[in-house]
Amino acid sequence: MHLCSILVFYYFGDGPMFRIALVTAALLAGNACAQDLEALKLDTRKNALPVLPKVVGMMQDTVAREGVSQAIPVCKEKAPQLLQAQSAKTGWEMRRVSLKTRNPERGTPDVWEARHLADFNIRAAQGEKPETLEVGEIVTENGRPLYRYMRAVPVGEVCLNCHGPVEQLDSSLRSQLAKSYPHDQAFGYAKGQIRGALTVKRPL
Ligand code: HEC
């Protein structure tokens, strides 16, 4: 059972002893919860985040070696495949989401994700580094506890080839994208902005 859901009270009778016991139990439980959350965050980072630099590296290599059009499958197939493989290994749900999707079927955020993506944008505007933005929370979904984690995915130089200002994109790439993604909103980004996030749902 999860530590946060364990709260054992001993009845010490009325009076100061009872109150001291109650306060101590509450403090201990709060402390256990904070430790639990920190451990969950560290373990989630360790298992989920290595996918991000892998995709960036693959994207840089493919663009340099084969050109931008040939690199579409890195974002379209390789990134989801790497996340899928990691999902299969851990049993956690993992995907990429964005407030401005290219592929709305896969990348549309739910309410929790949309709220925290908006919050990431605010935090970045207040000076936090986009690549360090993350959130981790225990939530209840359909009566079951879940650990939810989300980490911002910033726009790097290579991403601008396909997610930068539309007028700066290669014209054949543009028509290729338009054919596959009639509802594409994932243009117009500048380096350092938040393209979206990696999101994890981890059953507890
Ligand atoms: C060669 C073109 C290309 C480049 C370069 C590129 N992307 Fe993409 N990106 C795409 C395509 C195509 C999709 C839609 C994938 C799909 O069908 O699920 C996409 C989707 C995404 C998504 C999923 C959410 C959405 O909008 O559907 C994220 C997040 C993302 N890209 C981030 C990045 C980042 C970060 C970089 C730079 C490291 C990058 N992309 C570089 C073409 C590209």
Centroid-to-centroid separation of the stretch 59-91 and the stretch 134-204 [C-alpha atoms, Å]: 14 Å
Surface per residue (accessible, 1.4 Å probe) for the stretch 49-203, Å²: 55 Å²
FRET efficiency, residue 204 to residue 42 (Cβ-Cβ, R0 25 Å, nearest 0.05): 0.95
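The values are calculated or read from the model by the stated rules, or taken from the named source; none is laboratory data. Everything numeric in this text was worked out from a predicted model, so none of it was measured. Neighbour counts run over all protein chains shown; Cβ positions are idealised from the backbone, glycine included. What goes into the accessible areas is simple: the full protein's heavy atoms, side chains included, and nothing from ligands, DNA or RNA. Shrake-Rupley method; radii C 1.70, N 1.55, O 1.52, S 1.80 Å.
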